[in-house]
1. Is there any pair linking a residue in the stretch 56-81 that is without any contact (Cβ under 8 Å) to a residue 24 or more places away in the chain to one that is in a strand (DSSP E or B) and basic (Lys, Arg), with Cβ under 7 Å and at least six apart or on different chains, and which?
2. Taking into account only those residues within the stretch 131-161 that are in contact with a Ser or Thr (Cβ under 7 Å, 6 or more places away or on another chain) and among the charged types (D, E, K, R), which is surrounded by the most Cβ atoms within 10 Å (Cβ to Cβ)?
3. Please give the number of the condition Cys73 fails out of (1) open to solvent by less than 80 Å² (accessible area, probe 1.4 Å); (2) part of a strand (DSSP E or B).
4. Please work out which residue is most open to solvent (accessible area, probe 1.4 Å), limiting yourself to the stretch 77-130 and to residues that are touching a Gly at 6+ places or on another chain (Cβ under 9 Å) and of a type in the set (Asp, Glu).
5. Go through the stretch 27-64 residue by residue and tally those that are closer than 13 Å to Trp84 by Cα, β-branched (Val, Ile, Thr) and not in a loop (DSSP other than H, G, I, E, B).
6. Considering only residues that are open to solvent by 30 Å² or more (accessible area, probe 1.4 Å), outside any loop (DSSP other than H, G, I, E, B) and either under 25 Å from Val118 (Cβ atoms) or not acidic (Asp, Glu) (or both), which ones fall in the stretch 180-193?
Amino acid sequence: MPAGRIRDYRETDEPSWLRCWLRAAGASSAWLYVIRDKPEYGGEALELVSLGEEGGVSGLLDIQVEPQPGELCMREESRAAIAWEFAVLPELWGRGIGSQLLIEAEERLRSDWGVRYVEWWSMDPRAQKWYQRRGMECINAHWRFHVRADESFRATCASIGVEPVNLHLTCSTADWPEVREHLDIIHDPPLQPRLCRGYSHRF
């Protein structure tokens, strides 16, 4: 295991937190966007960081406790949470930092909030295999993709002064074959279709 320790996130961690997030996002297909500020969560949330040898953030995990059953998670549980941000510096992948964060999160969620169920979602195949190795159950798979607007949609947009660039859509894996036949899907990186999988974790 790498040297370091896990503790709660502090506001002074934000620059180092963002560096870790950006490095991980650049090496992964898990995100479609770039963030420039640490996300904030209303209500109950667990925000953990793993500190490297020099004190910088080497890993991070943000989990929000669901305010009401079914409000954030796909499955309705009496007490549940969802993982929003989970990242480790790419050069430290495979050294157990993610597992350490997961174990600490389980302990804290149980003791502090009575949560024993968390949903994890990712479009990154490497992350999906990581969840599977930990015995998590895949509860959903859907495609996220971008399409070029057709002439009819462009005409509607033009009538109200809007020019569409492309559309970001989702569909089930069952509907994917028909969707591909009827829509002009963008396949060029970085907007190529990505399969998002959701996993349930009980502990």
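The values are calculated or read from the model by the stated rules, or taken from the named source; none is laboratory data. This structure is a prediction, so every number in the text was calculated from the model and none was measured. Every residue, glycine among them, receives a Cβ derived from its backbone with ideal geometry; neighbour counts consider all protein chains shown. SASA here: full protein model, heavy atoms, side chains in, ligands and nucleic acids out. Shrake-Rupley method; radii C 1.70, N 1.55, O 1.52, S 1.80 Å.
1. Pairs found: none.
2. Looking at residues that are in contact with a Ser or Thr (Cβ under 7 Å, 6 or more places away or on another chain) and among the charged types (D, E, K, R), I get Arg144.
3. (2)
4. Per the criteria, the residue is Glu77.
5. Total meeting the criteria: 1.
6. Listed by number, the residues that qualify are Arg180, His182.
Here's the yes/no breakdown for (1) charged (D, E, K, R); (2) closer than 29 Å to Phe145 by Cα:
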{"site": "Gly26", "(1), (2)": "no, yes"}
{"site": "Glu44", "(1), (2)": "yes, no"}
{"site": "Ile63", "(1), (2)": "no, yes"}
{"site": "Ala87", "(1), (2)": "no, yes"}
{"site": "Trp93", "(1), (2)": "no, yes"}
{"site": "Leu102", "(1), (2)": "no, no"}
{"site": "Glu107", "(1), (2)": "yes, no"}
